[in-house]
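So the structure is just underneath, and the comments pick up after that.
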Amino acid sequence: MNSFSMLKELTIKKCDLLLNIFPPFLLGVFQRLEKLIVADCASVEEVFQIQVQGLDIEETYEVSSQLREVNLVRLPKLKHVWTNYREGNISFENLQIVSILECWSLKSLFPFSIAKDLQQLERLAIDKCGLEEIVSKNAEVSNEQEIWLAFNQLSFLLLGHLPYLTCFYPGMHRTTWPTLKKLRIYNCGRIKIFGHEESQIGQSLFLIEK
């Protein structure tokens with residue numbers, strides 16, 4: 001396994017028997033991996049498999065990922081990029097680019113525990129997917145409690161052909177995008193793009209302060 005410790009870029013294409021890309025025992029092996037491309041894999045259901053049959057992997061693995069770019073393309077059975085988990089010893093805080101294309105079984109992209117640390121994210125593009133939400137619910141927060149998500153470096157956001165997308169986060173929340181320069185949203189008929197303080201925050205993508 002040590003032979004992969006210096007690998008910086010990994011491309012996986014047309015591997016139709018794969019169910020997941022990184023099972024738990026591999027999470028700490030690719031410590032220097034910076035770019036990941038997974039495309040045209042008919043059976044992949046998970047990319048980063050952090051939980052297996054109730055086992056809390058974060059209690060036994062300490063991983064600080066150097067991953068900067070993730071590209072997932074035409075994965076028809078993909079259900080999770082990151083399995084949902086409690087805060088622990090796994091971090092993807094160096095992510096700068098995330099691109100998802102034609103993953104129709106994917107209902108949510110980021111667990112809250114991942115999204116809250118995306119301070120370096122610069123580009124996010126999601127096109128032709130079955131997403132219902134971008135960030136999944138934080139199980140440790142009540143429905144009445146408001147959460148904050150800051151994307152301080154995000155300059156480009158594309159949301160296209162997402163017919164089932166209804167919210168950014170399914171609860172009370174506010175988002176900040178201080179460096180956003182390019183915004184492209186099209187064919188996302190169910191989501192309310194702009195709202196104001198009196199509206200239901202959980203149902204709008206951007207909050208406009210009066």
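The values are calculated or read from the model by the stated rules, or taken from the named source; none is laboratory data. In this text, all values refer to a predicted model and were calculated from it rather than measured experimentally. For neighbour counting, all protein chains shown are included, and Cβ atoms are generated from backbone atoms with ideal geometry for every residue, glycine included.
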Could you check the stretch 1-42 and list, in sequence order, the residues that are under 18 Å from I97 (Cβ atoms) and among the acidic types (D, E)?
E9, E34
Across the stretch 131-154, which residue is surrounded by the most Cβ atoms within 10 Å (Cβ to Cβ) among those that are out of contact with any Phe, Trp or Tyr (no Cβ under 9 Å at 6 or more places or on another chain) and in a loop (DSSP other than H, G, I, E, B)?
Q153
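Name the one entry in K128, K107 that is closer than 20 Å to I21 by Cβ and at pLDDT 95 or above.
Values: K128 fails: closer than 20 Å to I21 by Cβ.
Going through K128, K107 in turn, the sole match is K107.
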Scanning the stretch 160-179 for residues that are surrounded by 16 or more Cβ atoms within 10 Å (Cβ to Cβ) and over 24 Å from E102 (Cβ atoms), which turns out modelled with the highest pLDDT?
W177
Applying the selection to the stretch 34-46, what residues are of a type outside the set (K, R) and either farther than 13 Å from V70 by Cα or surrounded by fewer than 20 Cβ atoms within 10 Å (Cβ to Cβ) (or both)?
E34, I37, A39, D40, C41, A42, S43, V44, E45, E46
Given (1) at pLDDT below 95; (2) surrounded by 17 or more Cβ atoms within 10 Å (Cβ to Cβ); (3) not hydroxyl-bearing (S, T, Y), identify the lone condition not met by I100.
(1)
Pairs please, first residue from the stretch 1-20 and surrounded by 11 or more Cβ atoms within 10 Å (Cβ to Cβ) and in a loop (DSSP other than H, G, I, E, B), second anywhere and modelled with pLDDT of 95 or more and of a type in the set (S, T, N, Q), Cβ atoms under 9 Å, 6+ apart in sequence or on different chains.
C15/S43; L18/S43; L19/S43
Can you tell me which condition S99 does not meet? The list is (1) among the polar types (S, T, N, Q); (2) outside any strand (DSSP E or B); (3) closer than 18 Å to I185 by Cα, and all the others hold.
(2)
Being farther than 27 Å from C41 by Cα, without any contact (Cβ under 8 Å) to a residue 60 or more places away in the chain and among the hydroxyl-bearing types (S, T, Y): is that true of S142 here?
yes
Does F168 satisfy the condition of being within 21 Å of I37 (Cα to Cα) and not aliphatic (A, V, I, L, M)?
no
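Hey, among the residues in the stretch 68-92 that are part of a loop (DSSP other than H, G, I, E, B) and buried (at least 21 other Cβ atoms within 10 Å of the Cβ), which one's modelled with the lowest pLDDT?
Within the stretch 68-92, the subset part of a loop (DSSP other than H, G, I, E, B) is 68, 74-79, 83-89, 92.
Cutting the leftovers down to buried (at least 21 other Cβ atoms within 10 Å of the Cβ) gives us 75, 78, 92.
Values: L75: 98, L78: 98, F92: 89.
Looking at the filtered set, the residue picked out is F92.
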L157: under 21 Å from L95 (Cβ atoms), at pLDDT below 95 and not in a loop (DSSP other than H, G, I, E, B), yes or no?
no
With the first residue restricted to the stretch 34-48 and required to be over 16 Å from T83 (Cβ atoms) and among the small types (G, A, S), and the second required to be at pLDDT 95 or above and not in a loop (DSSP other than H, G, I, E, B), Cβ contacts under 8 Å at 6 or more apart or on different chains are A39/T11; A39/I12; A39/K13; A39/N71; A39/L72; A39/V73
